[in-house]
Structures are given as C-alpha cells and as structure tokens.
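Colleague: Dropping the structure in here first, questions after.
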Amino acid sequence: MEWTGTRYADGPTAEVHIRVAAPPAVVWQVVTDVESMAEMSSELQSVRWTDPAAEPGVGVTFIGASRHPAMGEWSTTSHVVEWNPPTSFAWAVEDVDSPSATWRFTLDPDGDETVLTQWVQMGPGRSGLSAAIDAMPDKEQKIVFVRMREFETNMTATLDQIKDRAERLAQDAAGATTTPEARP
C-alpha cells in the first residue's frame, strides 16, 4: 500500500483480490460461513450469528470479537447490507447509517474459476481508531495509513485461507462425482 495522506473523514478504503480455482458457488460457501472467519484471521477472534435460526440475508446481524495488540479487545455487531448469492456479501459494522466500517466480498466468475475481492471502507462512524486520532490529531494521516496497511495485510492472508478452503471443497466435490472405476 502506498502513502495516500488520507484522513479518516475521507472514508479510506483497502482492497485485495485473489484468483480461486473453484466456481463462485463453492467460494460463496466459504465466504458466507462467517463463524469460520475467525480461524482465518489474526485479529478476529470469534463470530456468531445473533439469531442462528435466521436465514442469512440483508438485515441479519452477527457479533464479532476482535483483538489487536495496540487497541485491546472489543466486540461489534455487524448488519448484513448486501446478500446476492453467489456474487456479493457486505456488512456494516455497528450503525447501518453511519458504520465504523463497511466490508464486502465480491465474487466474479472467470470460466471455472472465481476472482475474489475483499474490500473495506473505514467510517464514516467512529471506530477504534477515533480515540487514537483524538489523542494525536497531528498524526491522523499516519494512524489511518498504518491501519489501512494492516487491513490490506490481514485481508491478503484471509483470502489465501479462503482460496485454500474453496479449492479443497471444489476438489472434494469433483472427486465425489467421479465413479470409482474412473478414479486413478
């Protein structure tokens, strides 16, 4: 990530992409299994749907617990704001109208593969960074830059994990459809 000098009020974003050797329907299964996301993240510690019996979709909520060495531990409630199987899934953190962050996965088919994108935008609502910015307003741009760089690094690691899981699922499904006689 290159230095941009962005301030929090600018709504900074980060985005990463990865090519997955699996169709979007398979990648979708992994991306929307929010409870397993903590297994793929160094910061996110746990996730649970607030109503496990509810059908996933726009308006459904989940709670995530996170930990960061500089910011401590916290929990947030996220609201699903976009649910378009198998192409996009997005959620707003805390307040739908003024979220502390908005996250999105986009799945674009490319033949038998999927180009998976993870995107995040900070703000416009207050977040964990707000206290640091309030305490050191002259360092706001650096604080924002460092956090966006962390997001980019963490998203890259998460997409690598999603890719591995989705490709294994696709291989397992292909193996299950092959007759015993046709298997090597």
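Colleague: Which one of LEU159, LEU129 is open to solvent by less than 60 Å² (accessible area, probe 1.4 Å) and within 13 Å of the chain's Cα centre (by Cα)?
Modeller: On inspection, the qualifying residue turns out to be LEU159.
Colleague: Right, another one. Give just the number: which of (1) of a type outside the set (Ser, Thr, Tyr); (2) on the phi > 0 side of the Ramachandran plot; (3) at pLDDT below 95 does GLY59 not satisfy?
Modeller: Going through the list (1) of a type outside the set (Ser, Thr, Tyr); (2) on the phi > 0 side of the Ramachandran plot; (3) at pLDDT below 95, GLY59 breaks only (3).
Colleague: Here is a further query. Within region 70-86, how many residues are at pLDDT 95 or above and either surrounded by fewer than 16 Cβ atoms within 10 Å (Cβ to Cβ) or touching a Pro at 6+ places or on another chain (Cβ under 6 Å) (or both)?
Modeller: 4
Colleague: Follow-up question, since we're still on this one. Given the criteria in a strand (DSSP E or B) and touching a His at 6+ places or on another chain (Cβ under 9 Å), does VAL115 qualify?
Modeller: Details: in a strand (DSSP E or B): yes; touching a His at 6+ places or on another chain (Cβ under 9 Å): yes.
Criteria met by VAL115.
Colleague: I've got another one for you. Given the conditions (1) under 24 Å from ILE63 (Cβ atoms); (2) open to solvent by 30 Å² or more (accessible area, probe 1.4 Å), and given that VAL31 satisfies all but one, which numbered condition is not satisfied?
Modeller: (2)
Colleague: Could we say that GLN121 is open to solvent by 50 Å² or more (accessible area, probe 1.4 Å) and either without any contact (Cβ under 8 Å) to a residue 60 or more places away in the chain or part of a helix (DSSP H, G or I) (or both) here?
Modeller: When the stated conditions are applied, GLN121 does not pass them.
Colleague: Still on this structure, please answer the following. Looking only at region 38-69, filter to residues that are touching a residue at least 40 places away in the same chain (Cβ under 8 Å) and outside any strand (DSSP E or B); which one of those is surrounded by the most Cβ atoms within 10 Å (Cβ to Cβ)? Full working, then the answer.
Modeller: Residues of region 38-69 touching a residue at least 40 places away in the same chain (Cβ under 8 Å): 39-43, 68.
With outside any strand (DSSP E or B) added as a condition, the list becomes 39-43.
Details: GLU39: 13, MET40: 18, SER41: 16, SER42: 14, GLU43: 16.
This residue is MET40.
Condition check ((1) in contact with a helix residue (DSSP H, G or I) (Cβ under 8 Å, 6 or more places away or on another chain); (2) at pLDDT below 95; (3) surrounded by fewer than 13 Cβ atoms within 10 Å (Cβ to Cβ)) across all residues:
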{"residue": "VAL146", "(1), (2), (3)": "no, yes, no"}
{"residue": "ARG165", "(1), (2), (3)": "yes, no, no"}
{"residue": "ASP172", "(1), (2), (3)": "no, yes, yes"}
{"residue": "THR178", "(1), (2), (3)": "no, yes, yes"}
{"residue": "ALA182", "(1), (2), (3)": "no, yes, yes"}
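Colleague: While we're here: Exactly one of (1) among the acidic types (Asp, Glu); (2) under 23 Å from GLY128 (Cα atoms); (3) part of a strand (DSSP E or B) is unmet by ASP108. Its number?
Modeller: For ASP108, the failing item is (2).
Colleague: Hey, another quick one. If you take the residues of region 87-114 that are surrounded by fewer than 17 Cβ atoms within 10 Å (Cβ to Cβ) and in contact with a Pro (Cβ under 8 Å, 6 or more places away or on another chain), which of them is nearest to THR153 (Cα to Cα)?
Modeller: Here the residue is ASP108.
Colleague: Restricting the search to region 124-152, which residues are of a type in the set (S, T, N, Q) and either touching a His at 6+ places or on another chain (Cβ under 7 Å) or in a helix (DSSP H, G or I) (or both)?
Modeller: If the condition is that a residue be of a type in the set (S, T, N, Q) and either touching a His at 6+ places or on another chain (Cβ under 7 Å) or in a helix (DSSP H, G or I) (or both), then SER130, GLN141 are the ones that fit.
The values are calculated or read from the model by the stated rules, or taken from the named source; none is laboratory data. Since the model is a prediction, treat every value here as computed from it, not as a measurement. Quick reminder, even Gly has a Cβ in these numbers, built from the backbone with ideal geometry, and neighbours come from all protein chains shown. Note: areas computed on protein heavy atoms with side chains; ligands, DNA, RNA excluded. Shrake-Rupley method; radii C 1.70, N 1.55, O 1.52, S 1.80 Å.
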